[in-house]
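Here is the structure we will look at, set down as structure tokens.
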Amino acid sequence: MPLPATHRPSRSARFKAWATSARASVQADTSAAPRKSKADRLRSWAASLGANLHRLSLHESAPPPAYDDPDADALPDYALRGPLGRGAFARVVRATRIADGGEVAVKILDKAALRRKRTMARDPATGRPKVTTALDAVAGEVALARTLDHRRVLRVLDVVEDDARLCLVLELCARGPVMAYDPEAARHACAVSGGAVARGRAARYVLELADGLAYLHARHVAHRDLKPANVLLRGDDSVAIADFGVAHRFAGGLGGSEGATDSAAADAALEGAAKLARLRRLERAASLAQISGTEGTYAYWAPEMVATAAAGEKVHFNAFACDAWALGCCYYNFRTRRNPFDVADSVEGLFDAIRAGVVDLSDAALGAEERRVLAALLARDAAARATMADLLEDPWLRAAQRDDT
């Protein structure tokens with residue numbers, strides 16, 4: 001096992017030590033009896049030089065030492081390199097796969113802490129109260145994520161666990177979240193520019209996210225928590241949708257009230273115009289992809305999620321249309337660095353503003369075409385809201401993405 005970095009001599013120090021040893025060896029040769037010939041001494045010195053240089057090259061070719069991580073023993077196939085982030089129940093570290101040197105991110109979750117977070121809800125199958133834990137939710141998230149395979153979705157590469165820890169090995173998105181939010185300044189900052197996302201780059205991000213959401217929706221999966229913190233950037237500046245902790249997969253068919261039995265497998269197999277037509281139907285329907293539970297981040301909730309229900313009734317809404325609204329909020333973040341509804345006084349004040357659904361598109365940074373796309377994504381009426389098919393076919397977005405300015 002390599003020594004920790006703090007105990008490893010520098011290369012120059014190791015060379016000096018070798019040189020001292022070599023000189024001592026030559027001096028010993030000159031004083032030894034019987035005295036060696038000059039040729040013999042040179043051969044001895046050359047052999048010593050070759051052996052020491054060989055040892056030096058082997059030492060230098062070894063990978064840099066892993067940092068001292070308390071969970072390293074749970075991941076024998078990975079060398080942990082340093083922290084990337086931390087949350088309430090998990091932390092993320094950078095790591096190297098020992099087998100091939102590939103770089104990954106490892107999300108390490110504390111099972112005991114997840115078990116302590118409990119939720120009680122009525123089981124729809126039995127009608128009885130059922131207690132679930134956050135660990136159950138994570139298990140469901142992992143099971144879902146491992147079925148997804150798309151260039152716009154963060155890949156789960158491996159799952160390693162023991163009694164105390166659950167470790168998710170993920171593809172490394174070297175640039176992190178597309179934007180970071182500063183609550184004091186109430187502004188987002190782009191990971192690339194440090195300010196707003198450039199117009200062309202923002203158009204490309206929106207198209208890539210639409211591509212990823214189209215993939216999910218065709219498989220009857222709603223993300224339900226799309227926001228800049230859950231949009232990660234790879235080293236090549238492409239996006240990956242992350243965090244499926246509150247995602248919902250609709251069981252059975254989504255055929256609608258006429259009784260069709262379209263399955264997720266059939267929808268996923270569609271291509272071209274048939275796929276786009278199906279997406280438009282799924283994402284605008286009042287009888288398909290319906291859900292009543294509200295999950296995710298308040299600032300990205302759609303108006304229908306905060307609608308007031310009649311007494312004794314629940315509000316149902318299209319989960320895919322809510323993903324489209326959240327994408328509109330992300331686009332607004334990218335270009336203006338603000339949220340569409342900047343209401344800081346109370347959650348209820350925020351909900352009132354979202355219910356009204358009036359979005360200020362007067363920001364000077366926004367061009368006329370950007371206002372058009374934003375107005376379509378942030379349409380208060382879910383049935384009139386832009387779908388992923390609309391975005392993928394939008395000629396301005398497709399042209400604008402080629403200009404990262």
* Which members of segment 252-274 meet the condition of being of a type outside the set (A, V, I, L, M, F, W, C), modelled with pLDDT of 60 or more, open to solvent by less than 50 Å² (accessible area, probe 1.4 Å) and part of a loop (DSSP other than H, G, I, E, B)? -> Gly253, Gly255, Ser263
* When both residues are 6+ apart or on different chains and their Cβ atoms are under 6 Å apart, which pairs have a first residue that lies in segment 350-369 and is of a type in the set (Gly, Ala, Ser), and a second that is surrounded by 14 or more Cβ atoms within 10 Å (Cβ to Cβ) and part of a helix (DSSP H, G or I)? -> Gly357/Pro303; Ala365/Arg335; Ala365/Thr336
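Restrict the check to segment 341-351 and report whether at least one residue is open to solvent by 40 Å² or more (accessible area, probe 1.4 Å), touching a helix residue (DSSP H, G or I) at 6+ places or on another chain (Cβ under 8 Å) and β-branched (Val, Ile, Thr).
So the first thing to find is which residues in segment 341-351 are open to solvent by 40 Å² or more (accessible area, probe 1.4 Å), and the list is 342-348.
Within this subset, residues satisfying the condition of being touching a helix residue (DSSP H, G or I) at 6+ places or on another chain (Cβ under 8 Å) are 343, 347.
Those left that are additionally β-branched (Val, Ile, Thr): 343, 347.
Within segment 341-351 (the criterion being open to solvent by 40 Å² or more (accessible area, probe 1.4 Å), touching a helix residue (DSSP H, G or I) at 6+ places or on another chain (Cβ under 8 Å) and β-branched (Val, Ile, Thr)), the answer is yes, since at least one residue qualifies.
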* Inside segment 66-128, counting only strands (runs of 3 or more DSSP E) that do not spill past its ends, which hold 1 or more residues that are under 29 Å from Gly235 (Cα atoms) and either polar (S, T, N, Q) or open to solvent by less than 30 Å² (accessible area, probe 1.4 Å) (or both)? -> 78-86, 90-97, 103-110
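Could you please give the count of residues in segment 134-163 that are assigned to a helix (DSSP H, G or I), acidic (Asp, Glu) and open to solvent by 40 Å² or more (accessible area, probe 1.4 Å)?
At the first step, the residues of segment 134-163 found to be assigned to a helix (DSSP H, G or I) are 134-145.
Narrowing the set further to residues that are acidic (Asp, Glu) leaves 136, 141.
From the residues that got through so far, the ones that are open to solvent by 40 Å² or more (accessible area, probe 1.4 Å) too are 136.
Residues in segment 134-163 being assigned to a helix (DSSP H, G or I), acidic (Asp, Glu) and open to solvent by 40 Å² or more (accessible area, probe 1.4 Å): 1 in total.
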* Among the residues of segment 216-241, count how many are open to solvent by 10 Å² or more (accessible area, probe 1.4 Å) and among the hydrophobic types (A, V, I, L, M, F, W, C). => 2
* Asked: Just wondering, is there one or more residues in segment 236-250 that are over 21 Å from the mean Cα position of the chain (by Cα), farther than 30 Å from Arg199 by Cβ, assigned to a loop (DSSP other than H, G, I, E, B) and at pLDDT below 95?
  -> yes
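Any idea which of Gly195, Gly200 is assigned to a loop (DSSP other than H, G, I, E, B) and out of contact with any strand residue (DSSP E or B) (no Cβ under 6 Å at 6 or more places or on another chain)? Show your work before the answer.
Numbers: Gly200 fails: assigned to a loop (DSSP other than H, G, I, E, B).
Unique residue meeting the criteria: Gly195.
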* Asked: Looking at (1) under 29 Å from Leu170 (Cα atoms); (2) aliphatic (A, V, I, L, M); (3) part of a helix (DSSP H, G or I); (4) out of contact with any Lys or Arg (no Cβ under 9 Å at 6 or more places or on another chain), can you tell me which one Leu209 breaks?
  -> (4)
* **All positions within segment 380-405 that are free of Cβ contacts under 8 Å to residues at least 12 places away in the same chain and either outside any helix (DSSP H, G or I) or under 27 Å from the mean Cα position of the chain (by Cα) (or both)** => Asp381, Ala399
* Asked: Under the condition of being under 14 Å from Ala302 (Cβ atoms) and of a type in the set (Lys, Arg), which residue from segment 375-402 is most open to solvent (accessible area, probe 1.4 Å)?
  -> Arg380
* To do: Write out, first by first residue and then by second, each pair whose Cβ atoms fall under 7 Å of each other, whose residues are 6+ apart or on separate chains, and whose first residue, in segment 194-219, is under 20 Å from Thr147 (Cβ atoms) while the second is assigned to a helix (DSSP H, G or I) and open to solvent by 20 Å² or more (accessible area, probe 1.4 Å).
  => Asp211/Leu392; Ala214/Leu392; Ala218/Ala268; Ala218/Lys275; Arg219/Ala264; Arg219/Ala268
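Could you tell me whether any residue of segment 180-193 is hydrophobic (A, V, I, L, M, F, W, C) and touching a helix residue (DSSP H, G or I) at 6+ places or on another chain (Cβ under 6 Å)? Can you show your working first?
First pass over segment 180-193, keeping only residues hydrophobic (A, V, I, L, M, F, W, C): 180, 185-186, 189-192.
Narrowing further to those that are touching a helix residue (DSSP H, G or I) at 6+ places or on another chain (Cβ under 6 Å): none.
Looking for residues that are hydrophobic (A, V, I, L, M, F, W, C) and touching a helix residue (DSSP H, G or I) at 6+ places or on another chain (Cβ under 6 Å), one finds none in segment 180-193, hence no.
The values are calculated or read from the model by the stated rules, or taken from the named source; none is laboratory data. Computed from a predicted model, the values in this text were never measured in an experiment. Every residue, glycine among them, receives a Cβ derived from its backbone with ideal geometry; neighbour counts consider all protein chains shown. Note: areas computed on protein heavy atoms with side chains; ligands, DNA, RNA excluded. Shrake-Rupley method; radii C 1.70, N 1.55, O 1.52, S 1.80 Å.
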